Each structure stands twice: as structure tokens, then as C-alpha cells.
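Reviewing the structure listed below.
Derivation of every value follows stated rules applied to the coordinates shown; laboratory data play no part. Bear in mind that the values here come from a model prediction, so they are computed numbers and not experimental data. Because the Cβ atoms are built from the backbone with ideal geometry, glycine has one as well, and the counts that use them run over all protein chains shown.
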Amino acid sequence: MFHYYLDLALRSLKRNKMLTALMVLAIALGIGASMTTLTVLHVLSGDPLPGRSAQLYYPQLDPQDMDGYREGGDPPAQVSWIDGMNLLRAKRADRQALMTGGAVPIQPAQASMEPFFEDARYTTADFFPMFDVPFLYGRGWGGADDEAKARVVVISRKLNDKLFGGKDSTGQTLRINDAAFRIVGVLDSWRPAPHFYDLNTGSYSDNEGVFVPLATSRDLKLSRNGSMDCWGKGSGGEDNLEAATCVWLQFWVRLDSPAKAAAYMDYLLHYSQEQKALGRFVRPPNVRLNDLMGWLDVNKVVPGDVRLQVWLAFGFLLVCLVNTVGLMLAKFLRRGPELGVRRALGASRHAVFAQLLVEAGTIGLAGGIAGLLLSLLGLWLVRKQPSDYAALAHLDVAMLLVTFLLALAASLLAGLLPAWRACQVTPALQLKSN
Amino acid sequence: MDILPILSTLRRHKITALLVILEIALTCAIVCNAVFLIGQRLERMQMPSGVAEQELVQVQAASIGKQPGANARTQEDLAALRQIPGVTAATLVNEVPFTNSSWNSGIKLDPTQKQATLNATMYFGENVVGTFGARLIAGRDFQAEEYLDFDTVQKAQKVPPQNAVVMITRALGEKLWPGQSPLGKTVYLGEDAIRVVGLVEALIRPALFGGDATAQWTLILPVRMNTGNASRYVLRAAPGERERVMAAAGAALHKADPHRVILEKKTLEQIRREFFQNDRAMAGLLAGVCVALLVVTALGIVGLGSFWVAQRRRQIGVRRALGATRANILHYFQTENFLLATIGIVLGMALAYGINLFLMAHYELPRLPAVYFPVGAVALWLIGQLAVLGPALRAAAVPPVVATRSV
């Protein structure tokens, strides 16, 4: 029976090509726009480290003086050197890393290459195991290298391709800011989106090309990027940040169970009280321990424009659907005589309804496929945009499925009302009127 | 034209008529809001900077390794840059408009205040006002002896009183002391009491994270930068000379000290374009969606109109046979469309207002000005009339003889 209905549907669609094209186009445009924007939103609000993010937490403390104090306010978004080092050395979490961003001049050994600047991350050793960073060659450095301010460096795959043609460069020397570093590891492709561990350097920026121990970066006075908030005495210059009353570092911990997270929260509170007793902190203890996704929420990393675009696209889809419902209704009602004949010859109301739904579904399927092609085109256009998340806009399997379900649901929804209305025909009346 | 017969016909096509109304209402609501949003973005892109945008270029250069004698290095660099033919001014600054990288500080009007009054940006560098081409509207520019080196300021916990002077923008003055002249007034930066000596028309802050309303909260301080703590060289030249000057400046800086990297050479116009690129893209996208919506709606009206005409061929034939003119038939369909469009527009206005309330709650947008409503209405009436014209003309062309034939 389905074959027969399909045959009838195709005949009917062929009879009025312009109208069919119009309905298919309307659904395709609506689906294409919706899926493009939804995919961008999906990519941008995704989990940067699936399977790991639930165990990663971002502790916050409030070391500021009473200037500007408001009860219930948020603690600063970063930590100072002293607090960061204290928390790092306490080792109360399963893993912990203290870090900040920067940019360093790379001086290639090849005479043919001019020196260039590369984004860098200055961090402690746990960064790599804590975030499950994949390595192509070698590995990260150890805690001893942190202590020794060792001149070791981990580079990204991209930088390794640029400098060493993709070959295993571990053990080789890389000149950075007039100092010789030993390459200990080369990362595999790794681009968590959002750039969750430091949102100051761009929420969706590419990850850094160079990773250097934090202590080494301070020893060599490598230049620092990102935001810094000061109070009281302030910084007194880039060279004295260790003693500065400024927050400028990010501190991440991994806590493998909720119980450990609760214990860590207690520890932060206890630490704040202790610091207050010592006179270093003056505000009442104010601590936070967001998990990774919570931290992204707090910072509202997904641009407002992207959400606005999704609303806009779904509004557009709604108009396209209403349009299609109208056209389909007009078309089905016009076929009253034909349907009347079918009913008179014994087709049940049910059968006529099914027949019309098959026709609606066919349009939906065609619209869905065209819509999918349009969303591929749309995403390609998004990737041409200059924003730093542009390169991330790709359709994944989940969104592909959503597209098809949306197309099918939309067209069946669009077909439901017209089909129901049309199968209400009274056969006798339709036959008589001619 | 009598509209009663039209209404009675529409009553027999209730659902279809309702769908047309709904489509027009939705389109009207979305288009009104989208046009409003486009207007907002275009207005934002016109934001005044207060500097001579067509004449400025920025060259960013960073040293490799430790550089002894950064002050001497800086003076040599600037001397080399000023010698480039066509350069009318050159300086080294800590920040440049539209670069999204800024130095800010909370300022107070009373040192005992617990909360800072507001957060303003701070421009450092020699002759910032002259080089950027900001317009001094009251008071004076800094004198040579008022300048201090940035490193000195940072190390000293207190600025000597004779150096504690600042120029501010007119907007910041109006914000801090409404209705009064800011000249001679004091602001507090940390512990330092700083006297306002000059007022500039405008100088935009480099990053607008605090919202567009804070765009002109700017301080200019007599602080000299050097290659150790700043990397942004700003040069001023005639618009036609900029490309050449930029290339020459890169070469001159490299020649003066080969042990550094030239990071970026851009005109301020380029930098401004990049700063507003998201707004431009969004405005383009909104415009595209508006056009697509209007086209889809128009095509929908054409499609439905064609159906109705085909369905009513007999009826039209009978009317023509009974004496109705072609114009009567044409007007019938045009009036029908006008009626549907009007109901749709009225509903659409209410919906547009609702959408605007939602956007205001979620995206910090202002209220939709009433002027957008008639614009949306006229647009949809026009689209409706244009779309129905084809089918209506076809209806008018139906010959009276149709009445006598059985279909």
C-alpha cells in the first residue's frame, strides 16, 4: 500500500512542479538556517573534555582588602601567586596545576626562518595528565622540573610541523627568547573548545604552541598575557608579581569523587580562615568550587549573538512551516473531487489520510535533504567568518540525526492539518458538485 | 469596493485564511525586530573614536630577550620613525583604540571611598593627544617636565604632586561632575590625588567589556613608555601615505634593532573594521533573514492566490457574465489580500512587541521604537500587494464564457 501511496504522491507532486518546488524550498531554507545556527550553538556550548570534565574543578578564593567589599559578591576569577603556590604545594587534590598565558619569541635554528612570536602556556607539571592531553612524541615534564626551573618545553603538533617537518623532535633544542630549551614532548592535535582553562585569552582561541614550566617562565621573565586584577599595593611591575597583591593565575584541580570535592571545599574554607587568622586575608572567607561546565556557565562563554541567531532561525523555520501548511492545505482541498472518488470507491478515511501524509512526508524528506545541503553550505559560510570560533563549525553525527528528525517532524507536522482537513470530505457532495 | 462578499468568501476558507494571517503576522514581527537590531548594529559601528582614524597606523614590535637601555632604544626608534618622509608624528603607547587590549583602573573622587566611582582606561605615552589627533577642547596638554617614565611610576609608590596631572574626555568629566567644569578638579588613582588639567572631546577606550556606555571613560596620563614595557608604535601620516609609511616603519624598526620581531602593521581603519566585524556579520545575517522571510511570505501568497483563483474560475466567470469588469475582479483579489495583510500586521505588531520584551530581558536591548511599526506594516502591505498582483491579473483575465462551460 505504501508503494501505491508513494506513486500517487509523486504523480501529484509532478503535476504541479512550481508549487512542489516552493514547498520543498521553504522547508529546506527553514531547516538549513535552523541547523546551521543550532550546530554552531551545539559546538560552542559543548563539553571541551568529554568524560573528564566532571572531575575538573576551578577553586576561587577572596584575598582582596576591604576596599570595594560587598557582601555576597563573587571572589576574583583568578588567584595570586602566593595563594596559587600554597594550594599547589598542599596537594589536597588528585591533580592540580597553576598556570597563566603568554607569548614568546621563537628563534628557529633554520637561517631561512625569521623569529616569530607564539602563544605560550606557563604551567606546572600536572597540566598534561590532569587534562588528558594527548602526546604524539615524548611526554610532559615532571614536578622536579618545576622545582628546578628546568629549561624544558612541550610544543604543539602544529609548531612541530612548522619547525621540524613533523618529525620526532624530542631531545632537540629550541631557542626561546634567547634561552635554549630542550623539547621533551610534542602534543597530538588538541583543541578543547571552549579554551576552558583560561578564558582571558579568548573563549574559543586555538590552544598554545608552546608549554613551559611556570617557574621557568618567571625565572626568564617571559612575557605574560591575560588579565590581572590588583588591589592595595598592586603589582609594582611585571618582575615582582610573586609578591604582588594581584590575581593573575588560573588554578585547576582534579577531584575524582564528589566526596573529595566536598572535602576540597572544606579545605578552601579552612585555608581562607587560616589566612585570615594570619592577617593575609581580611575579608570574610568567600570560596567557590565550580566544576568545569559550571565555570563555563558562570562566565557565559557562549556569545549572546549565537543564541540570538538560533532564535531567529527557528522563527524563520516557523514561518516556512506555516507557509508550507497553507500551500499544502490549499492543494489537498483542491483535490476534493479526486479524494471523493477514492472514498466513494471504498477507501476508508484512514487510508486517504495515510495517502496524504505520505505525500507530505515526501515533501519533508526532500526538504530535509535539501536543508541538510543548505546547512553544510551555511556552516561553510560560518567558517569563512572572522570570529575565533569560526573554524569549529562542523556538523557531527548527532547534529546530522537531529537535522533529519527535525525535517521529518516538521513536514509531518505541516502535513497533519491539511491531510486531516482534506480527508473530512463528504464523498457524495464532492461527486455531485461536478 | 464592498468587502462583505470578501468576508463571506473568507469565512468559507477559514483555515487557509488564518494561515496566511499567521504567516504575515510572524514575518511582520520578526522583520520589525530584525530591522531594529540591524539599526542597532549599524549605529554601534559608527561609534566615534575621537582620533584621526584615516591618518593613523600602528606598528607592533617586540624585543627578544632582555634589552638593556630600553629608554635609549625607544628614543632612537622614535627618531628613526619621525625621519620617515610623510610621518607627521610618532610615539610609543601602552594601548590603541579598538585593539581589545586595555589598561584600566578604578578611580575615586574621595580617597576614603570604599567603592571606586567607576573604572576608566589609561592612555600612557608621549604626546598621545597630538599623535592620535584627539581634540583638546579646554585646559592644556602636558608640559615636557610633567612626564615620568613608566618604570619610575611603578616603582615609586607615590607620584610627585607636580607630575600628578591628567587629561580626561568630555564624557568622563560630565559623568564625574555633571554640569561642572572638570578643570582643576581632583580624581584619586589608588593613593594618588591627580589634578585634571585638560579636556579632550573624545578618546575611545580600546576594549568595551564594560559596555558601550563606558566607551569614553578615558584618562590620559603623562607617562613615558619604553620598549621594555610597551610594543605599540603609533604613527600619523596623510591617508595616501599610510601603506608606504607602514612598510618603512617596519623596516626602520628592524634596522634600528634586528633582535626583535615586528608583530603587526595595521592602519587604524583596518583595526576598527576588525573590531566591529561581528556586528557587521550579524547585521548582514539579519538582513539576509529579513529578505528570505519576505520572499518566502511573498511566494506563499502567490501560491495560495493562484490556488484561490483556479478554484474560483467558475465564480469569476459568473461575475464577469453578470457585468463585473476586469477591474472589479482585480480589485476583489487585491482587497482580499489587503484585508488579510492588515489583520496579520495588527497581530504582528503585538507579537513584535512581545519579542522585543523577550529580547530586552535576555540581551540588554532597548525598547523597540514605535517608528519601526509603520515601517513593518508598509513593507508587508507592499509585499502582499505585489505578490497577489500576478494571480489577481490572471483572475481578471478569466473570460465570462467560463460561466457557461462545465468544468
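Go through B:Ala80, B:Gly317, B:Phe132 and say which Cα lies farthest out towards the positive end of the charge dipole of chain B; charges sit on Cβ, +1 for Lys and Arg, -1 for Asp and Glu. So the residue furthest toward the plus end is B:Gly317. A protection proxy built from the mean count of other Cβ atoms within 10 Å ranks the segments A:53-61, B:145-153, most packed first, as A:53-61, B:145-153. Over what distance in Å are the Cα centres of segment B:148-182 and segment A:140-163 separated? What the calculation gives is 44 Å, centre to centre. Here the relative contact order of chain A, from alpha carbon pairs under 8 Å that lie six or more residues apart, stands at 28 percent. Modelled spin labels at A:Leu377 and A:Lys17, positioned 7 Å past Cα toward Cβ, are 2.0 nm from each other. Remark on A:Arg95: its backbone amide H falls under 5 Å from those of A:Arg254, a criterion applied only to residues 5 or more positions apart or on other chains, H modelled at 1.01 Å from N.
Taking every DSSP bridge with both residues inside chain A, close to 80 percent are antiparallel. Averaged over peptide B:290-302, the number of partner chain Cβ atoms lying within 10 Å of each residue's Cβ comes to 5. R0 = 22 Å: FRET efficiency of B:Gln67 with B:Ala251, Cβ-based, nearest 0.05? Efficiency for this residue pair is about 0.65. Rounded, prolate or oblate for segment A:202-283? Axes are the square roots of the Cα gyration tensor eigenvalues, ordered a ≥ b ≥ c, and the cut-off for rounded is a/c under 1.5. In terms of gyration-tensor shape, oblate. Each peptide among A:24-32, B:78-86, A:401-409, A:119-127 gets the average number of other Cβ atoms lying within 10 Å of its residues, and from highest to lowest they stand as A:24-32, A:119-127, A:401-409, B:78-86. Using the Cβ-Cβ distance between B:Leu386 and B:Leu7 with R0 set to 25 Å, the FRET efficiency works out to roughly 0.60.
Which shape class, rounded, prolate or oblate, goes with segment B:43-115 when its Cα gyration tensor gives a ≥ b ≥ c as root eigenvalues, a/c under 1.5 marks rounded, and past that a/b bigger than b/c marks prolate? Since a/c reaches 1.5 but b/c is at least a/b, the shape of segment B:43-115 is classed as oblate. When both bridge partners sit in chain B, DSSP labels roughly 75% of those beta bridges antiparallel.
Taking the Cα centre of each part, how many Å lie between segment B:313-385 and segment B:261-305? Using only Cα atoms to place each centre, the spacing works out to 26 Å. Annotation: the residues A:Phe128, A:Phe116, sorted from fewest to most other C-beta atoms within 10 Å of their own C-beta, follow the order A:Phe116, A:Phe128. For chain A, taking a cut-off of 4.7 Å between Cβ atoms, the unpaired cysteines are A:Cys320, A:Cys423. Taking the number of Cβ atoms within 10 Å of each Cβ as an exposure proxy, the fewest-first ranking of B:Val196, A:Val397 is A:Val397, B:Val196. If the limit is 20 Å between Cα atoms, which of A:Lys14/A:Lys331; A:Lys233/B:Lys108; A:Lys149/A:Lys233; A:Lys221/B:Lys66; A:Lys221/B:Lys255; A:Lys91/A:Lys233 go over it? With Cα atoms farther than 20 Å apart: A:Lys149/A:Lys233; A:Lys221/B:Lys255; A:Lys91/A:Lys233. With a Förster radius of 51 Å, plug the Cβ-Cβ distance of A:Ala409 and B:Asn119 into 1/(1 + (r/R0)^6) and report the FRET value to the nearest 0.05. It comes to 0.55.
Dividing the mean sequence gap of close Cα pairs (under 8 Å, 6+ apart) by how many residues segment A:53-298 holds gives a relative contact order of 34 percent. With the simple model of a label 7 Å out from the Cα in the direction of the Cβ, A:Ser189 to A:Asp256 spans 3.1 nm.
The value of relative contact order for chain B, using C-alpha pairs under 8 Å at least six residues apart, is 29 percent. Compared with the direct C-alpha span, the chain from B:Gln334 to B:Arg244 gains 26.2 nm at full extension, assuming 0.36 nm per residue. Computed from backbone phi with θ = phi - 60° and the Karplus coefficients 6.51, -1.76 and 1.60, the 3J(HN,Hα) list for segment A:195-203 is 6, 5, 6, 8, 7, 6, 9, x, 5 Hz; x is used for glycine and proline. Separation of segment A:238-314 from segment B:64-141 is 33 Å, based on Cα centroids. Please get the size of the charge dipole for segment A:78-161, origin at its Cα centre, with Cβ charges of +1 on Lys and Arg and -1 on Asp and Glu, quoted in debye to the nearest 20. I would put it at about 200 debye. Counting only other chain Cβ atoms within 10 Å of each residue's Cβ, the peptide A:21-29 averages 3. Mean partner shielding of peptide B:61-70, defined as the number of other chain Cβ atoms within 10 Å of each residue Cβ, is 3.
Coupling constants for segment B:185-197 follow from the phi torsions by the Karplus curve (6.51 cos²θ - 1.76 cosθ + 1.60, θ = phi - 60°), and in residue order they are 6, 10, 10, 10, 10, x, 8, 7, 8, 10, 8, 7, 10 Hz; glycine and proline get x. The string of couplings for segment A:174-182 from the Karplus curve (6.51, -1.76, 1.60, θ = phi - 60°) is 10, 8, 10, 6, 6, 10, 8, 10, 9 Hz, one whole number per residue in order, with x for Gly and Pro.
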